[in-house]
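The structure appears right after this line, and notes come after that.
The values are calculated or read from the model by the stated rules, or taken from the named source; none is laboratory data. What you see is a predicted model; the values in this text were computed from it and never measured. As a convention, Cβ positions derive from the backbone with ideal geometry for all residues, glycine included, and neighbour counts pool all protein chains shown. Please note that ligands, DNA and RNA were not included when accessible areas were found on the heavy atoms of the full protein model with its side chains. Shrake-Rupley method; radii C 1.70, N 1.55, O 1.52, S 1.80 Å.
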Amino acid sequence: QAENHPESITRYQPGRDESHLRELQLIADLHNAIHNHDLSMNYQPKLDIRTGQVTQVEALVRWIHPELGFISPEEFIFLAEQSGQIHGLTAHILQRVAADARQWTEAGLDAGVAINLSAMDLTWPDLIDHIETNFDDWHHDRLRITLEVTESALMQDPEEALATLRKLRELGVTLSVDDFGTGYSSLSQMRKLPVQELKIDKSFVLRLDAEPQDQLIVKSTIDMAHGLGLKVVAEGIENLEAWRLLQAWGCDLGQGFHLSRPVAPADLADTLRALDAR
Ligand code: C2E
Ligand code: CA
Ligand code: CA
Ligand code: CA
């Protein structure tokens with residue numbers, strides 16, 4: 001558009017130009033980061049709220065940029081989607097997670113893994129192939145895999161999403177609806193999808209101890225989800241009060257800084273041991 005509006009390149013726009021330059025730099029550098037293996041994964045435990053046992057860990061991608069430092073995945077996943085790099089990034093993440101999970105399984109840890117997918121991955125024809133090749137028979141036998149897909153991703157193209165979800169179910173993975181409650185979908189729409197788990201968005205959980213409205217929303221979501229045969233996960237548990245409430249309401253799984261922050265794979269064994277000893 002710059003060619004049509006020459007003023008836009010001569011007139012300095014404070015803030016806007018800097019953030020645009022940052023985006024361009026990140027888009028260019030992300031390509032290298034994927035190929036130089038500058039990305040790593042952290043893992044955050046998801047605990048069975050009834051027993052306190054860790055059943056799975058959620059894989060969260062990390063990028064420490066050599067000049068800019070920590071870049072939030074919220075920022076660079078979006079840029080990867082905008083710049084056509086998301087599938088390359090997801091393929092890389094699947095490979096990293098498979099390698100990490102193989103190591104912790106060989107070290108004797110018994111934790112399934114949950115992997116986040118981008119909305120665009122649901123219409124990616126190679127997704128199934130990548131999951132099959134990275135999580136081969138060896139993994140299938142010993143590793144429980146969950147894929148987390150946001151509520152809004154499922155609603156963008158429900159037909160296409162449904163076809164992908166069905167194929168993923170055939171591979172035996174568990175499907176989880178992430179960020180539930182932030183979009184406009186209802187539990188009745190979830191019922192039509194082959195999903196097994198629902199993750200209540202952390203915005204409803206973070207202040208659960210102090211917000212009666214959040215308590216009402218979370219409690220009734222748990223009840224209705226259970227009525228539909230879905231397991232419920234609460235993320236963003238930051239204090240003991242929230243954990244206790246969720247326990248009283250029969251929430252199945254819990255995740256949050258009160259239990260554990262996301263950790264590097266090298267620290268996973270110690271983290272799980274500390275949680276077990278709690
Ligand atoms: P998400 O999937 O909803 O992940 C949960 C986010 O909440 C993570 O942020 C996690 O570190 C954070 N979190 C966990 N417990 C707490 C808590 O008690 N309090 C608070 N305040 N936050 C908590 P993170 O790692 O920055 O990831 C942000 C988002 O980026 C993720 O949201 C997900 O949408 C996306 N993302 C992260 N890793 C990946 C990935 O490997 N692939 C894709 N496609 N997206 C990813
Ligand atoms: Ca997630
Ligand atoms: Ca979430
Ligand atoms: Ca989120």
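What accessible surface, in Å², does a 1.4 Å probe find on Phe180, ignoring ligands, DNA and RNA and rounding to the nearest 10?
In the full protein context, Phe180 sits at about 20 Å².
For a quick check: with amide H placed at 1.01 Å from N, whose amide H comes under 5 Å from Leu253's, ignoring anything fewer than 5 positions away on the same chain?
Residues meeting the amide H criterion: Ile49, Val232, Val233, Ala234.
On a 1.4 Å probe surface of the protein chains, which of Ile217, Ile115 comes out largest in accessible area, and what is the full order? Don't skip to the end; give the middle numbers.
Details: Ile217 70, Ile115 5 Å².
Correct descending sequence by accessible area is Ile217, Ile115.
Counting only heavy atoms of the protein chains, get the accessible area per residue of region 1-136 (1.4 Å probe) and round it to a whole Å² value.
On the way: 7190 Å² over 136 residues.
Ligands and nucleic acids excluded, the result is 53 Å² per residue.
Which whole-number percent gives the relative contact order of the chain, counting Cα pairs below 8 Å spaced six or more residues apart?
On the way: 411 pairs, mean separation 50.6, N = 278.
Here the relative contact order equals 18 percent.
Could you check the simple spin-label distance between Thr133 and Glu74, using points 7 Å along Cα→Cβ, in nm with one decimal?
Reported label-point gap for Thr133 and Glu74 is 3.4 nm.
Would you work out the charge dipole size for the chain about its Cα centre, treating the Cβ of every Lys and Arg as +1 and the Cβ of every Asp and Glu as -1, and quote it to the nearest 20 debye? Don't skip to the answer; put the middle values down first.
Working: 24 positive and 44 negative charges, 165 e Å.
For this selection, approximately 800 debye.
How many lysine pairs does the chain hold where the Cα atoms are under 17 Å apart and the two sit 8 or more places apart or on different chains?
Step by step, the pairs that qualify in the chain add up to 10.
Could you order Met155, Met224, Met190 by accessible surface area, starting with the largest, using a probe radius of 1.4 Å? Let's see the in-between values first.
Values: Met155 60, Met224 110, Met190 0 Å².
The ranking, largest first, comes out as Met224, Met155, Met190.
Per-residue accessible area for His226 at 1.4 Å probe radius, Å² rounded to 10?
70 Å²
Only Lys, Arg, Asp and Glu count, each charged at its Cβ (+1, +1, -1, -1), so figure out the dipole size of region 163-278 about its Cα centre, rounded to 20 debye. Walk me through the intermediate numbers first.
Details: 14 positive and 16 negative charges, 95 e Å.
For this selection, approximately 460 debye.
Subtracting the Cα-Cα distance from 0.36 nm times the residue separation, let me have the gained length for Arg261 to Gln156 in nm, one decimal. Each step should come with its number before you reach the end.
Numbers: separation 105, 0.36 × 105 = 37.80 nm, distance 3.08 nm.
Full extension from Arg261 to Gln156 adds 34.7 nm.
How large is the convex hull of the Cα atoms of region 81-136 per residue, expressed in Å³ as a whole number? Please report the intermediate quantities before stating the final value.
On the way: hull volume 4.1 nm³, N = 56.
Output value, Cα hull per residue: 74 Å³.
What is the Cα coordinate range of the chain on the first, second and third principal axes, sorted by size from largest, in whole angstrom?
Here the Cα extents, ordered largest to smallest, are 62, 45, 38 Å.
I need the GluC sites (Glu not before Pro) found in region 188-278, filtered to DSSP loop residues with at most 13 other beta carbons within 10 Å of theirs.
Details: sites: Glu197, Glu235, Glu238, Glu241; in loops: Glu235, Glu238.
Of the GluC sites (Glu not before Pro), not one in the loops of region 188-278 has a Cβ with at most 13 other Cβ atoms within 10 Å.
Can you give me the solvent accessible area of Arg144 with a 1.4 Å probe, rounded to the nearest 10 Å²?
Here the residue's solvent-accessible area equals roughly 120 Å².
Considering the dipole of the chain built from charges on the beta carbon (Lys and Arg +1, Asp and Glu -1) around the Cα centre, which of Leu230, Thr123, Thr271 is farthest to its positive end?
Leu230
Which value, in Å to one decimal place, does the Kirkwood hydrodynamic radius take for region 10-107 when every pair of different Cα atoms is included?
Values: mean 1/r = 0.0648 Å⁻¹.
Radius from the Kirkwood sum: 15.4 Å.
Long-range amide H contacts for Arg144: which residues qualify at under 5 Å (H placed 1.01 Å from N, peptide plane, sequence gap of 5 or more or a different chain)?
Gly112, Val113
Would you mind telling me the antiparallel percentage of the DSSP bridges in the chain, rounded to 5?
Numbers: 15 of 37 bridges.
Antiparallel: roughly 40 percent of the beta bridges in the chain.
What nm distance separates the two modelled labels at His65 and His35, each placed 7 Å from Cα along Cα→Cβ?
1.9 nm
Out of Gln189, Gln247, Gln255, any idea which swings most in a Gaussian network model of the chain, alpha carbons joined below 10 Å?
Gln189
Compute the Rg to Rh ratio over region 179-278 from the alpha carbon atoms, using the Kirkwood formula for Rh, and round to two decimal places. Could you put the intermediate results ahead of the total?
Working: Rg = 14.4 Å, Rh = 14.3 Å.
Rounded to two decimals, Rg over Rh is 1.00.
What is the diffusion coefficient of region 73-202 in µm²/s, taking the Kirkwood radius over Cα pairs and the Stokes-Einstein relation at 25 °C with a viscosity of 0.890 mPa s?
On the way: Rh = 15.3 Å.
Stokes-Einstein gives a translational diffusion coefficient of 161 µm²/s.
Just to make sure I understand: if all protein chains stay in place, what is the order of Glu132, Glu148, Glu106 by accessible area at 1.4 Å, largest first? Could the numbers behind the result be given before it?
Working: Glu132 90, Glu148 0, Glu106 125 Å².
From most accessible down to least: Glu106, Glu132, Glu148.
Carbon-plus-sulfur fraction of the accessible area of the chain, 1.4 Å probe, in percent?
Within the chain, the accessible surface is 50 percent carbon and sulfur.
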